[in-house]
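Q: I am attaching a structure below and will ask some questions about it afterwards.
The values are calculated or read from the model by the stated rules, or taken from the named source; none is laboratory data. Given the structure is predicted, the values throughout are model-derived calculations rather than measurements. Cβ placement follows ideal geometry from the backbone for every residue including glycine, while neighbour counts extend to all protein chains displayed.
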Protein chains: 2
Amino acid sequence: MSLVLDPAAQDLLFREARTANTFTDEPVTDEQIQAVYDLVKYGPTAFNQSPLRVTLVRSQEARERLVQHMAEGNRPKTLTAPLVAILSVDNEFHEELPELFPHAPGVKDAFFSERTVREQAAGLNGALQAAYFIVGIRAAGLAAGPMTGFDPAGVQKEFLDGDHTPLMVVNIGKPGPDAWFPRSPRLAYDDVVTTV
Amino acid sequence: MSLVLDPAAQDLLFREARTANTFTDEPVTDEQIQAVYDLVKYGPTAFNQSPLRVTLVRSQEARERLVQHMAEGNRPKTLTAPLVAILSVDNEFHEELPELFPHAPGVKDAFFSERTVREQAAGLNGALQAAYFIVGIRAAGLAAGPMTGFDPAGVQKEFLDGDHTPLMVVNIGKPGPDAWFPRSPRLAYDDVVTTV
């Protein structure tokens, strides 16, 4: 075998894990999310910029405000998931860089003085962190249901501010009945990987 | 414990894993990369769009062409890493959607007829897949050294085509002497996660 990761972990994180569309009633606790964060916060980002921010939507009132901005097909699952998280990026992440990248404190001004540069960096590195977060949800024995089918401007206005851009909304919980479609096919290795 | 993933796997993928800046001479084989791909290809993307493409830079000639487009500080490690991968996205990924998302073949035309929409979707979903790939490299017992310090237009022109946008370059191998800086601090849970 070419992988060192044990097969049970491979199954938990990738092979058996699926995007869930239904959930049981079992609650997802703050302690679980904290354990997920305390694992995936170590995933790498450029200059350790760590732009990802997480808004946990727990109250029924907030849940109803959120679904108003979501695609119709996503509303029922987002209304019934035990927990919903809005993943966004902080486009002003550079303010934390002297603390986050202490061995080169000049990075903040040398690379990130322009907002457009920060937005591009935050989009890429925040997406990396969103993927680590999805993997972390699975590491907690939970299913994630990431969605991009929502109005970003509406979600931003409702829950964030002008410095935060939403990336995705993630339903979180134990999978319920008929939680997923059959697994869709993946591209073959030779269609994805080339060598020069 | 709130996590189901066993502690050894947590260490391998996140807690002990580090971005390596030096590497041993031990080769990284195509079989290892195939095993990584066959694991991480299951990571979720929107509509299973799977835009990530991987260019393995193996020949010395290609390695020298690549470093011409990289930031000075990144050149020595990219010249000496056992394997280097250019991660890019295919902005024409929609052509594969009828095969990749067979239960809703209309998605290709309903959502992805515009190139700018595809570029945005590929940027986000390709970055998710790049993170899965980094996690997969670690699952193979290897260290990854992802870098965004390069000229994207130059790398695109040298190795890709107008339909493929480079996301990052990743050095891959077993960590060598003095492979990393001390671990930088991470943001506290309460600075990242809020509840509504």
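Q: Confirm whether residue B:71 is exposed (fewer than 15 other Cβ atoms within 10 Å of the Cβ) and closer than 17 Å to residue B:158 by Cβ.
A: Yes; evaluated as a whole, the condition is true for this residue.
Q: When residues of segment A:157-179 are filtered for being small (Gly, Ala, Ser) and under 16 Å from the mean Cα position of the chain (by Cα), how many remain?
A: 1
Q: Hey, among the residues in segment A:142-155 that are surrounded by 18 or more Cβ atoms within 10 Å (Cβ to Cβ) and in contact (Cβ under 8 Å) with a residue 40 or more places away in the chain, which one's nearest to the chain's Cα centre (by Cα)?
A: That would be A:146.
Q: Quick check on segment B:133-149. Is at least one of its residues farther than 30 Å from residue B:10 by Cα, of a type in the set (Val, Ile, Thr) and assigned to a helix (DSSP H, G or I)?
A: No, every residue in segment B:133-149 fails to be farther than 30 Å from residue B:10 by Cα, of a type in the set (Val, Ile, Thr) and assigned to a helix (DSSP H, G or I).
Q: Report yes if some residue within segment B:35-44 is modelled with pLDDT of 95 or more, in a loop (DSSP other than H, G, I, E, B) and either on the phi > 0 side of the Ramachandran plot or more than 7 Å from chain A (Cβ to nearest Cβ) (or both); otherwise report no.
A: There is no residue in segment B:35-44 that is modelled with pLDDT of 95 or more, in a loop (DSSP other than H, G, I, E, B) and either on the phi > 0 side of the Ramachandran plot or more than 7 Å from chain A (Cβ to nearest Cβ) (or both).
Q: Identify the residue in segment A:84-99 that is touching a Leu at 6+ places or on another chain (Cβ under 8 Å) and surrounded by fewer than 21 Cβ atoms within 10 Å (Cβ to Cβ) and, among all such residues, is nearest to residue A:48 (Cα to Cα).
A: The qualifying residue nearest to residue A:48 (Cα to Cα) is A:96.
Quick grid of which residues meet (1) within 20 Å of the chain's Cα centre (by Cα); (2) more than 11 Å from chain A (Cβ to nearest Cβ); (3) without any contact (Cβ under 8 Å) to a residue 12 or more places away in the chain:
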position	(1), (2), (3)
B:97	no, no, no
B:101	no, no, no
B:105	no, yes, yes
B:110	no, yes, yes
B:118	yes, yes, no
B:125	yes, no, no
B:129	yes, no, no
B:135	yes, no, no
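Q: Now, a different point. Within segment B:106-118, can you find the residues that are closer than 12 Å to residue B:92 by Cα and either loosely packed, with under 14 Cβ neighbours inside 10 Å or aliphatic (A, V, I, L, M) (or both)?
A: Selection gives B:113, B:114, B:115, B:116, B:117.
Q: Assess whether residue A:169 counts as being within 25 Å of residue B:135 (Cβ to Cβ), touching a Lys or Arg at 6+ places or on another chain (Cβ under 8 Å) and of a type in the set (A, V, I, L, M, F, W, C).
A: No: the conditions fail for residue A:169.
Q: Quick one: which residue in B:141, B:136, B:149, B:123 is touching a helix residue (DSSP H, G or I) at 6+ places or on another chain (Cβ under 8 Å), at positive phi and not aliphatic (A, V, I, L, M)?
A: B:141 is the lone residue from the list that is touching a helix residue (DSSP H, G or I) at 6+ places or on another chain (Cβ under 8 Å), at positive phi and not aliphatic (A, V, I, L, M).
Q: Follow-up question, since we're still on this one. Mind listing just one residue for me: the one in segment A:3-12 that is among the hydrophobic types (A, V, I, L, M, F, W, C) and farther than 8 Å from residue B:9 by Cβ and, of those, nearest to the other protein chains (Cβ to nearest Cβ)?
A: Among residues in segment A:3-12 that are among the hydrophobic types (A, V, I, L, M, F, W, C) and farther than 8 Å from residue B:9 by Cβ, the one nearest to the other protein chains (Cβ to nearest Cβ) is A:4.
Q: Quick check, is residue A:172 part of a helix (DSSP H, G or I) and either in contact with a Pro (Cβ under 8 Å, 6 or more places away or on another chain) or on the phi > 0 side of the Ramachandran plot (or both)?
A: In short, no.
Q: Does residue A:90 satisfy the criteria of being acidic (Asp, Glu), within 25 Å of residue B:88 (Cα to Cα) and touching a helix residue (DSSP H, G or I) at 6+ places or on another chain (Cβ under 8 Å)?
A: Yes.
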